[in-house]
Amino acid sequence: MTEDVSNETVDPATRSKVLDAAGHRCKWCGRDGPGAGGVAALHIHHATRDPDEIDEHDLQNLTAACRRCHNWLHNQPSGDEVPVELTEADLTVLLPQDAEIIQVLAEHGPIRTGDIVDELTPDLSVTAVRERLWVLMGLDNTVEGRDKQIVDQDADTGEWGLVEQISNSARGRIPDDPQTLLQRAEDERVRQALDRGCSRDEVADVIGVVGRTTWHKEKRARAYAFPLDALDDRGGRPSPNGEGGDSLTEIPAAEEDAGAETQQRLDAVEHGGDSEPGVLSDGGEASQDMPAEPDEDISWSDAKTQLQRTIEALEEVKEAL
């Protein structure tokens, strides 16, 4: 199969360079073109038709988009059509599909993730849309100067909506489900470590995941703002009011000290200057070692065991350093 080159204004040599740089994959939906073994017809998209200080066809102004996403990019909702106020700082974090997600929520929310996918013009997966919802939900914890959420999730139904559409926010909640609790706690520890300048690769090694998973965890942590300080001193199950509750089992003081020391070691890891893979920020695949939602039952006894394993894994950073 050959690539669709109709109506393109770039020369073949430039087109080839752009496709190679993009890995022959659509920047927005992640579909592979023939050059990567896929069947998506890829177009060359200009970020702007009047760029400052560079030529219109400069490689910095070009990227690859499949036919459907390319059409959508040129017919997406304008800033005036988005029912919330977005600042220039917001737009440095958000992607074009986020404007349409906001528009869908305004018209149909509260709404489930899969239903949002069905309403969108670009062909995005549930995983990709869920990630963008995390970004929108945590925008006030990401963009300096933004003090209000745009998007929220209902803690009871899991439905998404604009803030005024959600009556029982999942932000700052302590989940009843043990697996979700563990996920939220680990996400928050990853976020704190990254914010303090720890290397993303080192953090990934410590918790036993691939590097791209840390991007998911960081975005999810900013969305849900898990109150890590609400966990009781012994690592037991927290109560909803954040004052501690029934312990899983008491964790010996030595283990407690080990947990504190490992956080200090994470803080000492040098910043690695990692850059985010575009396939994730632009709606790519979920990593296989990080389920997007809890999909199996776990007891509080199992939760305690997993917490201890996490502590032991974090201890290994001592050898790495």
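From the list GLN97, GLN76, the lone residue that is of a type outside the set (Phe, Trp, Tyr), closer than 28 Å to LYS17 by Cα and at pLDDT below 80 is GLN76.
Taken as a whole, the condition of being at pLDDT 90 or above, among the aliphatic types (A, V, I, L, M), closer than 24 Å to TRP134 by Cβ and surrounded by 14 or more Cβ atoms within 10 Å (Cβ to Cβ) does not apply to ILE44.
Can you spot a residue in region 11-31 that is closer than 22 Å to THR121 by Cβ, aliphatic (A, V, I, L, M) and modelled with pLDDT of 90 or more? Yes, some residue in region 11-31 is closer than 22 Å to THR121 by Cβ, aliphatic (A, V, I, L, M) and modelled with pLDDT of 90 or more. The residue that is surrounded by the fewest Cβ atoms within 10 Å (Cβ to Cβ), counting only those in region 158-174 that are under 13 Å from TRP134 (Cα atoms) and of a type in the set (A, V, I, L, M, F, W, C), is LEU162. If the condition is being in contact with a helix residue (DSSP H, G or I) (Cβ under 8 Å, 6 or more places away or on another chain), among the small types (Gly, Ala, Ser) and at pLDDT below 85, then region 212-235 contributes only GLY235.
Just one of the listed residues (LEU105, LEU91, LEU139) is closer than 30 Å to VAL206 by Cα and of a type in the set (A, V, I, L, M, F, W, C), and it is LEU139.
Which members of region 183-206 meet the condition of being of a type outside the set (Gly, Ala, Ser) and surrounded by fewer than 19 Cβ atoms within 10 Å (Cβ to Cβ)? Before you say what the answer is, go through the steps one by one.
Our first condition is that a residue be of a type outside the set (Gly, Ala, Ser); within region 183-206, this holds for 183-184, 186-192, 194-196, 198, 200-203, 205-206.
Across region 183-206, the qualifying residues are GLN192, ASP195, ARG196, ASP201, ASP205.
For region 205-216, the criterion of being within 25 Å of GLN149 (Cα to Cα) and of a type in the set (S, T, N, Q) is satisfied by at least one residue.
The values are calculated or read from the model by the stated rules, or taken from the named source; none is laboratory data. As the structure is a prediction and not an experimental result, all values here were calculated from the model. Because the Cβ atoms are built from the backbone with ideal geometry, glycine has one as well, and the counts that use them run over all protein chains shown.
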